[in-house]
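The values are calculated or read from the model by the stated rules, or taken from the named source; none is laboratory data. What you see is a predicted model; the values in this text were computed from it and never measured. Note: ideal-geometry Cβ built from the backbone for every residue, glycine included; neighbour counts use all protein chains shown. All accessible areas refer to the heavy atoms of the entire protein, side chains included, with ligands and DNA or RNA removed. Shrake-Rupley method; radii C 1.70, N 1.55, O 1.52, S 1.80 Å.
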Number of protein chains: 2
Amino acid sequence: VTAEEIIEKILAGDVRQAARLMRDLDDGRPQALEIMKRLYHSGGRTQVWGITGSPGVGKSTLTDALLTRLRQQGKTVGVVAVDPTSPFTGGAILGDRVRMQRHATDEGVFIRSLATRGHFGGLTASTRGVVTVMEAMGKDVVLVETVGVGQDEIDVARMADTTVIVTVPGLGDEVQAIKAGILEAGDIFVVNKMDREGANNAINQLESMLALERRGTRGQGWTPPVVPTCAVDGRGLEDLMKALADHHRYLDADNGRILKLRRLERARMELLDLIQTRVMEHLIAKLESMHRLEEIAEDIAAGKSDPYSECDEVIAALLPQ
Amino acid sequence: VTAEEIIEKILAGDVRQAARLMRDLDDGRPQALEIMKRLYHSGGRTQVWGITGSPGVGKSTLTDALLTRLRQQGKTVGVVAVDPTSPFTGGAILGDRVRMQRHATDEGVFIRSLATRGHFGGLTASTRGVVTVMEAMGKDVVLVETVGVGQDEIDVARMADTTVIVTVPGLGDEVQAIKAGILEAGDIFVVNKMDREGANNAINQLESMLALERRGTRGQGWTPPVVPTCAVDGRGLEDLMKALADHHRYLDADNGRILKLRRLERARMELLDLIQTRVMEHLIAKLESMHRLEEIAEDIAAGKSDPYSECDEVIAALLPQ
């Protein structure tokens, strides 16, 4: 199959070719990289929503509920689950898994799961690649579900147009975790399991923290709403859909000025992630081909050398000044 | 102050010099790197314990309880908290914070917290650096507390001699998360909040999963125990201390064969993390000095280019073949 044929099929929404391209991309095949260059700007109308939060807050149930509502509106949807605990990746209890499986036969839905794929930023680069392919397939919305506290949420936020941070009542630490650096990464906050004790408290705490926070240029003119939901029975879901639509209008206003700022940030991070992954692959392959990596590790472990000196040597040998 | 004087003071356990070195290391000062080369093998008797798990499982309370017991045994302790939600990093509710503060005036304890420090592996490299300095200070035990599900736990495991994975009853997803790839990263499993409903169920599930799992060469001859605890009132803590001592004996047996394997893995990862951080710093500085990074990002965002093509160009320009 030529690159042209593959591109044509993916632009027409072909699931088999899209899945193959994602695999080839992970394997670092040169043809896949060439195809990505040409697919990169073929999408563009897709909305990318990030759904993030700690394990057990109900992200997957919420993602599933959003997916169902989007399908009812006739929209095509891609789901990228970057979470070993997500039912979408097969890592959850049986009941959840069965519930999600409904979507497996729906042609308007394309689900792709990414487990943890090791070190050196490979996961972030892979996730971005999958989102790009789904955009090229013409999906109306791509939902990116990630688990994490801290950096992970920030990385998702940088990739998504709209980031939803999910929490539950009663995790005192949780609200504090949100406070510690990721508050500004969220465009919409969801307090799921709204019937639990302490829900009002959690909502009030979040709202007062958000009121105090100064939004950067990225979020000027937008006050993140706090939406209580109960994802299992659907309460609050309409409010969340409305908040998502509001945020989309906010991004689009003023000739899409804010959306452009976000896309600029995404472009910068995407480039650096790709460079990081490729450079490390290159260096590790080079070290391994000289059998140097194991040698060096053994010298360090044996006390004959240390990682700081060896790092200097590797960099001097492999990077020109 | 000369490098010799700094090294001498740190080897004697000087907290001020140690803290300054950690700061200089984060700032990438050349003198700090030179000192690290000479400190790297000056420790060696220190036991490094990793304590990891999701937010809300009580890792910090457990770390605090272990710390108290180690001090009662007359051991000196370092704590590295890599967790924005940890009371050690000041990110928790007031009660916890006050409780931890007891240790602040104890000269046998050195606490260092690291918040999320951005992209490109900088956090892992920083954490390893802090552990190395604490080893050089002669601490008997270094406790590394991290939050995370997935890759983070695996990274801690690679740095620690003994990794404790903490969970609580009633997080169905949690056990599944452990299943999904990180089971083999744990040397000891703790089911904290043992009075909660479902505790026996969680313990049984973990034990059957551990029985099924094949241990790699790294864990041959060791069956990870599952220890129920209640960190707030101290129940189960003696069992956990015993499990930690058992694991230490296991690592040391057979002339320290298993410990050597772990130190080899740690050396390899430490080298690659350092290289990654340094290479990315180098490349970003180079791109920024040419004002290329913003230019490229703008071209990508404007649809004139794509990250895959730009990555090729950057690599061709900056890395020799």
Which of (1) farther than 27 Å from B:Lys260 by Cβ; (2) within 14 Å of the chain's Cα centre (by Cα); (3) modelled with pLDDT under 85; (4) open to solvent by less than 40 Å² (accessible area, probe 1.4 Å) does B:Thr124 not meet, given it meets every other one?
-> (1)
Taking B:Ile296 and the conditions (1) surrounded by fewer than 15 Cβ atoms within 10 Å (Cβ to Cβ); (2) within 7 Å of chain A (Cβ to nearest Cβ), which numbered condition does it fall short on, given that it satisfies the others?
-> (1)
Check the range A:248-258 and report whether any residue there is facing another protein chain (nearest Cβ under 9 Å), hydroxyl-bearing (Ser, Thr, Tyr) and touching a Phe, Trp or Tyr at 6+ places or on another chain (Cβ under 9 Å).
-> no
Selection within the range B:1-11 - assigned to a helix (DSSP H, G or I) and surrounded by fewer than 15 Cβ atoms within 10 Å (Cβ to Cβ) | B:Ala3, B:Glu4, B:Glu5, B:Glu8
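Results for (1) open to solvent by less than 40 Å² (accessible area, probe 1.4 Å); (2) of a type in the set (Phe, Trp, Tyr); (3) under 24 Å from B:Ala231 (Cα atoms), shown as yes or no for each residue.
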residue: B:Gly13; (1), (2), (3): yes, no, no
residue: B:Arg23; (1), (2), (3): no, no, no
residue: B:Arg29; (1), (2), (3): no, no, no
residue: B:Leu33; (1), (2), (3): yes, no, no
residue: B:Lys37; (1), (2), (3): no, no, no
residue: B:His41; (1), (2), (3): no, no, no
residue: B:Lys59; (1), (2), (3): yes, no, yes
Just to be sure, is A:His291 at pLDDT below 90 and within 7 Å of chain B (Cβ to nearest Cβ)?
-> no
Residue count, the range A:279-293, condition surrounded by 19 or more Cβ atoms within 10 Å (Cβ to Cβ) and either within 24 Å of B:Thr132 (Cα to Cα) or touching a residue at least 24 places away in the same chain (Cβ under 8 Å) (or both), comes to 4
Within the range A:15-60, which residues are basic (Lys, Arg) and more than 19 Å from the chain's Cα centre (by Cα)?
-> A:Arg16, A:Arg20, A:Arg29, A:Lys37, A:Arg38
Any idea which residue in the range A:299-321 is most open to solvent (accessible area, probe 1.4 Å), counting only those that are closer than 23 Å to B:Cys311 by Cα and either within 7 Å of chain B (Cβ to nearest Cβ) or of a type in the set (D, E, K, R) (or both)?
-> A:Pro320
Looking only at the range A:130-161, which residues are among the acidic types (Asp, Glu) and either touching an Asp or Glu at 6+ places or on another chain (Cβ under 7 Å) or modelled with pLDDT of 90 or more (or both)?
-> A:Glu135, A:Asp140, A:Glu145, A:Asp161
State yes or no: is A:Gly221 without any contact (Cβ under 8 Å) to a residue 60 or more places away in the chain and either of a type in the set (A, V, I, L, M) or open to solvent by 50 Å² or more (accessible area, probe 1.4 Å) (or both)?
-> yes
Is there a residue being more than 25 Å from the chain's Cα centre (by Cα), within 7 Å of chain B (Cβ to nearest Cβ) and open to solvent by 10 Å² or more (accessible area, probe 1.4 Å) anywhere in the range A:260-272?
-> no
